[in-house]
Amino acid sequence: MAIGGLGVLVACTLTAGPAFAAAGFTEEQKTATYASDATASTGDSKAPSADNWSVQMMDVFEDLRTDRGEGGNAAVMDYNDELTSEINLTASDAQVQRAIVDQYQDMSVSMGDAFGEKLGAIYAEAIADGELPKLTWLLNKEGGKLGSTSSSNPPKNYFDYKRPYLRLDTTKDLVYRDKEGGDAWGSKSGSFPSGHTSQAYWQGTALAEMLPELAPQILARTAEAGNNRIVMAAHYPLDVISGRMMGQKIIALRLADPAMRKLVDEAADELRGVLERGCGDTLANCISKDVPYLTTDKALAYYQEHLGYGFPATGPKGVPVVVPAGAEELLVSAHPGLTPEQRRQVLALTATDSGNPLDVGEQESWQRMNLAAAMAAKVTVREDGSVVIVKGDGTPTPDPEPTPDPEPTPDPEPTPDPDPAPEPEPTPAPQPTLPSAGGAPSAPVANGDNLPTAAEGRIRASVRGDRIVVSGLTAGEKYYGFIYSTPTALGQVTADASGSVTFALPADLEAGTHRVAVVDESGELVGWAAVTVADGEAAAIVDRELASAGGQSAPLWIAGSVGTALLALGAVLTIRRRRSGTA
């Protein structure tokens with residue numbers, strides 16, 4: 001098996017000396033005081049400040065929580081509990097093993113499998129052999145410089161929200177996931193935000209900045225590391241979302257510091273050089289010949305699905321995005337030819353819709369930032385300096401056209417003599433519609449590609465096991481669902497109190513990206529959204545593994561292609577294991 005062979009290869013090379021003399025940062029660079037040490041600081045854990053950026057960027061949580069008497073948003077917080085339980089209880093054995101690795105190991109190392117099969121092995125070996133001292137000094141779990149002043153403990157202590165295993169019923173709502181002798185449920189610190197997730201995102205976002213060619217894969221792996229905190233029942237989805245927001249802002253604050261960016265650029269040169277020497281070719285050729293962690297399309301889909309977790313909307317849709325100040329720093333390596341303002345335009349064009357529970361939009365819309373899509377975007381610049389993102393088919397994403405000035409009303413012409421009545425045009429043949437049973441509405445279009453762009457994002461959809469969950473609807477109303485490419489009716493359901501519905505996933509649905517459309521009782525299209533179904537072969541592997549272990553299948557929206565294989569870096573990580581602190 002390829003994964004096992006890779007693990008043996010890595011393990012056998014751990015005792016080898018460095019392939020070349022690796023020079024790290026100078027002592028002067030290491031001991032210098034950087035401006036971003038202060039700007040990225042989260043302050044005093046014992047006296048967390050409401051004015052610190054780490055609290056302000058997510059303080060809308062105070063309006064959601066229901067654990068402090070009256071008030072809050074019960075629909076959001078109940079969903080937060082229920083989804084935690086579902087992800088934890090239905091996790092596959094493969095997911096659990098990867099979650100345990102992310103619980104205890106240095107994720108700046110374990111996430112290297114996102115580089116691809118061969119490049120991931122080269123990276124792991126180089127880390128073990130000390131060939132990446134600059135990268136290690138910046139990203140190391142134990143005191144890496146980029147996150148050294150940005151502990152999650154101050155906001156944790158400020159919000160002081162109890163962890164799942166301290167609030168939920170551990171006899172039926174959760175199952176304990178851990179390694180032998182572990183202490184996954186040992187922490188009594190606050191749950192919100194997730195420290196492990198914040199760390200994963202400042203490490204993963206920095207790696208994506210260093211390797212923009214692999215940014216979608218790296219960020220998808222980072223999203224998996226965040227989701228693994230829910231698999232372990234150590235955190236809720238809202239904790240993971242806030243951890244992502246925090247981790248990415250940490251890197252934006254660091255990269256806004258020119259002296260710190262210089263260090264990151266040096267580490268990027270070090271990393272790229274090591275990968276090219278190990279592969280024996282240009283990085284572009286090495287990537288094209290490697291077995292990828294995920295295809296770019298699947299990586300982007302996985303990342304997007306984990307941006308919001310399908311929470312009930314807490315605000316209106318269609319509100320303009322507020323790109324956070326400094327967020328454009330995250331796109332410098334991916335789009336070096338753009339100006340800062342143009343990079344901000346890219347972030348705005350790729351952002352998710354409004355209405356998210358943790359979006360403090362009037363301040364900054366960190367929850368809405370889809371960094372993977374922004375880094376992967378194919379961008380062209382108009383003559384006026386504005387940017388256009390080119391779609392997969394090569395056509396630009398259209399901007400709304402301005403309303404033209406009205407033409408002046410012409411003077412009336414003399415009425416001419418009437419012409420003979422024209423011959424009636426033949427009535428066009430009716431367009432084919434899908435058959436419907438029991439008087440149910442037909443599918444809104446016969447081809448999913450023809451679903452109107454304006455209706456995209458009006459609903460949210462995700463695949464969970466053998467179900468499709470759709471949110472963003474009106475409680476108590478009846479809806480009909482359809483899934484494309486070949487349209488298949490999903491049946492009629494009534495939205496629950498949170499505005500969500502659940503459809504059964506067609507058993508014969510092929511793996512890949514599909515479009516879910518929802519219509520109301522009158523047949524009017526309410527909206528549509530894209531969902532990703534895991535690769536069938538990967539799912540079959542999981543099923544075989546679980547059958548032998550007596551486990552149960554994982555939800556496809558969580559596992560996807562990601563959770564079906566154990567880390568190729570297992571041998572290295574076992575040897576280099578370190579215990580984690582509060583997260």
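Just for strands (runs of 3 or more DSSP E) wholly inside segment 452-508: which have at least 3 residues that are open to solvent by less than 40 Å² (accessible area, probe 1.4 Å)?
Of the strands (runs of 3 or more DSSP E) lying wholly inside segment 452-508, those with at least 3 residues that are open to solvent by less than 40 Å² (accessible area, probe 1.4 Å) span 460-464, 467-471, 478-484, 488-494.
Go through (1) under 24 Å from Leu238 (Cβ atoms); (2) assigned to a helix (DSSP H, G or I) one by one and return the number of the condition Val322 breaks.
If we test Val322 against (1) under 24 Å from Leu238 (Cβ atoms); (2) assigned to a helix (DSSP H, G or I), just (2) comes out false.
Hey, could you check segment 86-95 for residues that are assigned to a helix (DSSP H, G or I) and open to solvent by less than 10 Å² (accessible area, probe 1.4 Å) and say which is farthest from Val175 (Cα to Cα)?
Ala94
When you look at Lys298, is it surrounded by 20 or more Cβ atoms within 10 Å (Cβ to Cβ), at pLDDT 95 or above and among the charged types (D, E, K, R), yes or no? Steps first, please.
Working: surrounded by 20 or more Cβ atoms within 10 Å (Cβ to Cβ): yes; at pLDDT 95 or above: yes; among the charged types (D, E, K, R): yes.
Yes: the conditions hold for Lys298.
Does Pro216 count as modelled with pLDDT of 95 or more, open to solvent by less than 10 Å² (accessible area, probe 1.4 Å) and over 24 Å from the mean Cα position of the chain (by Cα)? Spell out the reasoning first.
On the way: modelled with pLDDT of 95 or more: yes; open to solvent by less than 10 Å² (accessible area, probe 1.4 Å): yes; over 24 Å from the mean Cα position of the chain (by Cα): no.
For Pro216, the condition - modelled with pLDDT of 95 or more, open to solvent by less than 10 Å² (accessible area, probe 1.4 Å) and over 24 Å from the mean Cα position of the chain (by Cα) - is not met.
Examine segment 111-119 for a residue that is open to solvent by 30 Å² or more (accessible area, probe 1.4 Å) and at negative phi, and state whether such a residue exists.
Checked against the condition, which is being open to solvent by 30 Å² or more (accessible area, probe 1.4 Å) and at negative phi, segment 111-119 yields at least one hit.
Among Gly143, Gly130, which is the only one that is at pLDDT below 95, small (Gly, Ala, Ser), open to solvent by 30 Å² or more (accessible area, probe 1.4 Å) and not in a helix (DSSP H, G or I)?
Working: Gly130 fails: at pLDDT below 95.
Matching residue, one of Gly143, Gly130: Gly143.
Which one is modelled with the lowest pLDDT among residues in segment 523-536 that are open to solvent by 30 Å² or more (accessible area, probe 1.4 Å) and under 24 Å from the mean Cα position of the chain (by Cα)?
Within segment 523-536, the match that is modelled with the lowest pLDDT is Gly536.
Can you tell which of Asp81, Asp102 is surrounded by fewer than 19 Cβ atoms within 10 Å (Cβ to Cβ) and in contact (Cβ under 8 Å) with a residue 24 or more places away in the chain?
Answer to the selection: Asp81.
Pick from segment 219-252 the residues that are farther than 19 Å from Ala114 by Cβ, assigned to a helix (DSSP H, G or I) and aliphatic (A, V, I, L, M): which of them is nearest to the chain's Cα centre (by Cα)? Reasoning before the result, please.
Kept after step one, since they are farther than 19 Å from Ala114 by Cβ, are these residues of segment 219-252: 230, 232-239, 241-242, 245-246, 249-250, 252.
Now narrow it down to the ones that are assigned to a helix (DSSP H, G or I): 230, 237-239, 241-242, 245-246, 249-250, 252.
Pick out the ones that are also aliphatic (A, V, I, L, M) and you get 230, 238, 241, 245-246, 250, 252.
On the way: Ile230: 14, Leu238: 13, Ile241: 9, Met245: 11, Met246: 14, Ile250: 17, Ala252: 17 Å.
Going through the qualifying residues, I end up with Ile241.
Return the only residue of Asp169, Asp173 being in contact with an Asp or Glu (Cβ under 8 Å, 6 or more places away or on another chain) and modelled with pLDDT of 95 or more. Full working, then the answer.
On the way: Asp169 fails: in contact with an Asp or Glu (Cβ under 8 Å, 6 or more places away or on another chain).
One residue alone meets the criteria, Asp173.
Please specify each residue of segment 253-285 satisfying the condition of being open to solvent by 20 Å² or more (accessible area, probe 1.4 Å), more than 15 Å from Tyr123 (Cα to Cα) and assigned to a helix (DSSP H, G or I).
Leu253, Pro258, Ala259, Arg261, Lys262, Asp265, Glu266, Ala284, Asn285
Looking at segment 509-522, which of its residues are open to solvent by 70 Å² or more (accessible area, probe 1.4 Å) and either of a type in the set (Val, Ile, Thr) or assigned to a loop (DSSP other than H, G, I, E, B) (or both)?
The answer is Glu510, Thr513, Glu521, Ser522.
In segment 167-187, what residues are farther than 23 Å from Arg98 by Cβ and without any contact (Cβ under 8 Å) to a residue 24 or more places away in the chain? Give the derivation first.
First pass over segment 167-187, keeping only residues farther than 23 Å from Arg98 by Cβ: 167, 169, 171-172.
Across segment 167-187, the qualifying residues are Asp169, Thr171, Lys172.
Quickly run through segment 305-318 and pick out the residues that are buried (at least 19 other Cβ atoms within 10 Å of the Cβ) and within 22 Å of Ala373 (Cβ to Cβ).
Glu305, His306, Leu307, Gly308, Tyr309, Gly310, Phe311, Ala313
For segment 557-577, indicate whether the set of residues that are modelled with pLDDT of 85 or more, surrounded by fewer than 17 Cβ atoms within 10 Å (Cβ to Cβ) and among the hydroxyl-bearing types (Ser, Thr, Tyr) is non-empty.
no
Mind counting the residues in segment 445-483 that are over 16 Å from Glu524 (Cβ atoms), over 25 Å from the mean Cα position of the chain (by Cα) and of a type in the set (A, V, I, L, M)?
2
Checking Asn157 against (1) assigned to a helix (DSSP H, G or I); (2) open to solvent by less than 10 Å² (accessible area, probe 1.4 Å): exactly one of these is not met. Which one?
In the conditions (1) assigned to a helix (DSSP H, G or I); (2) open to solvent by less than 10 Å² (accessible area, probe 1.4 Å), Asn157 misses (2) alone.
Residues checked against (1) touching a strand residue (DSSP E or B) at 6+ places or on another chain (Cβ under 9 Å); (2) closer than 30 Å to Thr66 by Cβ; (3) part of a loop (DSSP other than H, G, I, E, B):
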{"position": "Gly112", "(1), (2), (3)": "no, no, no"}
{"position": "Leu119", "(1), (2), (3)": "no, no, no"}
{"position": "Ala126", "(1), (2), (3)": "no, no, no"}
{"position": "Thr136", "(1), (2), (3)": "no, no, no"}
{"position": "Tyr165", "(1), (2), (3)": "no, yes, no"}
{"position": "Lys179", "(1), (2), (3)": "no, no, yes"}
{"position": "Gly204", "(1), (2), (3)": "no, no, no"}
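Being crowded, with 24+ Cβ neighbours inside 10 Å and in contact with a Phe, Trp or Tyr (Cβ under 6 Å, 6 or more places away or on another chain): is that true of Ala223 here?
Yes; evaluated as a whole, the condition is true for this residue.
Which residues, counting only those in segment 334-348, are closer than 13 Å to Pro320 by Cα and surrounded by fewer than 19 Cβ atoms within 10 Å (Cβ to Cβ)?
Of everything in segment 334-348, just one residue is closer than 13 Å to Pro320 by Cα and surrounded by fewer than 19 Cβ atoms within 10 Å (Cβ to Cβ), namely Ala348.
The values are calculated or read from the model by the stated rules, or taken from the named source; none is laboratory data. All of these numbers come straight from a predicted model, not from anything done at the bench. Because the Cβ atoms are built from the backbone with ideal geometry, glycine has one as well, and the counts that use them run over all protein chains shown. These accessible areas exclude ligands, DNA and RNA; they are computed on the full protein's heavy atoms, side chains included. Shrake-Rupley method; radii C 1.70, N 1.55, O 1.52, S 1.80 Å.
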